[in-house]
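Everything below concerns the one structure shown next.
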Amino acid sequence: MENSKELQKQYQEYREKVYGEYPEVGRFWKNKKRVIGFLLIYCLVHNFAMSFTVTAGRGSAAAIILGTIVRIAPDLIFLLAAMGRGWKIALCLYLLGLYRLIDCLQAIREVGEMYSGGVLWIFSSIFENSVWMGIITLCQFLYPVLILSAAVWLTLIPRNRELGEGLERANEKLKDYLMNLKNPPLP
């Protein structure tokens, strides 16, 4: 147990040293974790509220939780993949954002055809019937915009791409160091 704590301490020291060599990369990593973490929490809270609203609070807690998990599974996969080391993996956020945006636009089109109303009429009637449902609907449309914004921030800004590559190099050093800690070279 003591050996494990000592190894953790050595790894932490080496990690601080590596990120000390790349201070901007360390800040970028923290910001990236914050952005993706926010999207993960937003996704979870929004979908839980949506599951609760869809069941009108009458469903069992297990049904609400299961519905939330099933609804957010693809989002979690893409968001956690984007948390990866390089910037290229963040390209998958475009797929998720476009999928969610198309889903929202299709819902507007279908409701518009059912009630032969415009977008503003649809939103005003939703808010008229239930402010809570109106807020959830607005959050539903905000979600793809947030995802696409994060994708642009991670992939289209050249400085962030460079930092993403630097993060990949720093993590490669940490991985190599960790492998050497677990399998020390033979004398």
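The values are calculated or read from the model by the stated rules, or taken from the named source; none is laboratory data. What you see is a predicted model, and the numbers here were worked out from it, not measured in a lab. Cβ coordinates were reconstructed from backbone atoms using ideal geometry, including for glycine residues, and neighbour counts include every protein chain displayed. Heavy atoms of the whole protein, side chains included, go into the accessibility calculation; ligands, DNA and RNA do not. Shrake-Rupley method; radii C 1.70, N 1.55, O 1.52, S 1.80 Å.
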For this session: Using the charge dipole of the chain (Lys, Arg: +1 at Cβ; Asp, Glu: -1 at Cβ; taken about the Cα centre), state which of Leu142, Val70, Gln8 has its Cα farthest towards the positive end.
Result: Gln8
For this session: Measure nothing but the geometry: give the 0 to 90° angle between the long axis through the Cα atoms of 2-21 and the longest principal axis through the Cα atoms of the chain, rounded to 10°.
Result: 80
Problem set entry | Under 24 Å from Lys32, Cα to Cα: lysines that are on another chain or at least 8 residues apart | Lys17, Lys88, Lys173, Lys175
Exercise. For the stretch 1-92, rounded, prolate or oblate, judged on the Cα gyration tensor with a ≥ b ≥ c (square roots of eigenvalues), a/c < 1.5 rounded, else prolate if a/b > b/c?
Worked result: prolate
Exercise. Ignoring any ligand, DNA or RNA, what whole percent of the accessible area of the stretch 1-74 comes from carbon and sulfur when the probe is 1.4 angstrom?
Worked result: 63
Exercise. Based on the alpha-carbon gyration tensor of the stretch 80-170 and its eigenvalue square roots a ≥ b ≥ c, which shape applies: rounded if a/c is under 1.5, prolate if not and a/b is larger than b/c, or oblate?
Worked result: prolate
For this session: May I ask you to give the solvent-accessible area per residue for the chain, in square angstrom, as obtained with a 1.4 angstrom probe?
Result: 64
Exercise. Using a simple charge model, +1 on the beta-carbon of Lys and Arg, -1 on the beta-carbon of Asp and Glu, nothing else, what dipole does the chain show about its Cα centre, in debye to the nearest 20?
Worked result: 380
Exercise. Where does helix 131-155 land angle-wise versus the long Cα axis of the chain, in degrees 0 to 90, nearest 10?
Worked result: 40
Seminar exercise, completed: The answer for trypsin sites (Lys or Arg not before Pro) in the stretch 1-60 that fall in a DSSP coil and have at most 10 neighbouring Cβ atoms within 10 Å is Arg58
For this session: Would you mind checking the tilt of helix 119-129 against the longest principal axis of the Cα atoms of the chain, expressed as 0 to 90 degrees and rounded to 10?
Result: 80
